[in-house]
Amino acid sequence: MSKTLFRCPNTGMNVQHHVGEASSETKDGAVVVVSCPACARIHLMNVATGRLVSDPRSQS
């Protein structure tokens with residue numbers, strides 16, 4: 001299990017999230033649902049990059 005840190009887009013707070021072991025079948029574009037303790041909402045996180053889907057830095 002690994003940890004990732006992201007910034008909640010609603011509160012601006014840094015949030016640590018535990019990510020399960022990545023499967024060899026996981027695709028680069030796969031996302032997981034993250035329950036955010038900072039805002040009590042859900043966010044979508046890209047498994048390969050560890051960044052939120054709504055993060056403008058993750059778009060090229």
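The values are calculated or read from the model by the stated rules, or taken from the named source; none is laboratory data. Values in this document were obtained by computation on a predicted structure and should not be read as measured data. Ideal geometry is used to build each Cβ from the backbone, glycine not excepted, and the neighbour counts take in all protein chains shown.
Just checking, how many residues over the range 34-47 are of a type in the set (A, V, I, L, M), exposed (fewer than 14 other Cβ atoms within 10 Å of the Cβ) and in contact (Cβ under 8 Å) with a residue 12 or more places away in the chain? Break it down into steps so the answer makes sense when it comes.
First pass over the range 34-47, keeping only residues of a type in the set (A, V, I, L, M): 34, 38, 40, 42, 44-45, 47.
Among the residues that remain, those that are also exposed (fewer than 14 other Cβ atoms within 10 Å of the Cβ) are: 40, 42, 44.
Then keep just the ones that are in contact (Cβ under 8 Å) with a residue 12 or more places away in the chain; that gives 44.
Total meeting the criteria: 1.
Take the range 2-25 and flag every residue that is assigned to a loop (DSSP other than H, G, I, E, B), modelled with pLDDT of 85 or more and either closer than 16 Å to T49 by Cβ or of a type outside the set (A, V, I, L, M) (or both).
The initial filter retains those residues of the range 2-25 that are assigned to a loop (DSSP other than H, G, I, E, B), namely 8-13, 20-25.
After this cut, where a residue has to be modelled with pLDDT of 85 or more as well, the list is 8-13.
If the condition is that a residue be assigned to a loop (DSSP other than H, G, I, E, B), modelled with pLDDT of 85 or more and either closer than 16 Å to T49 by Cβ or of a type outside the set (A, V, I, L, M) (or both), then C8, P9, N10, T11, G12 are the ones that fit.
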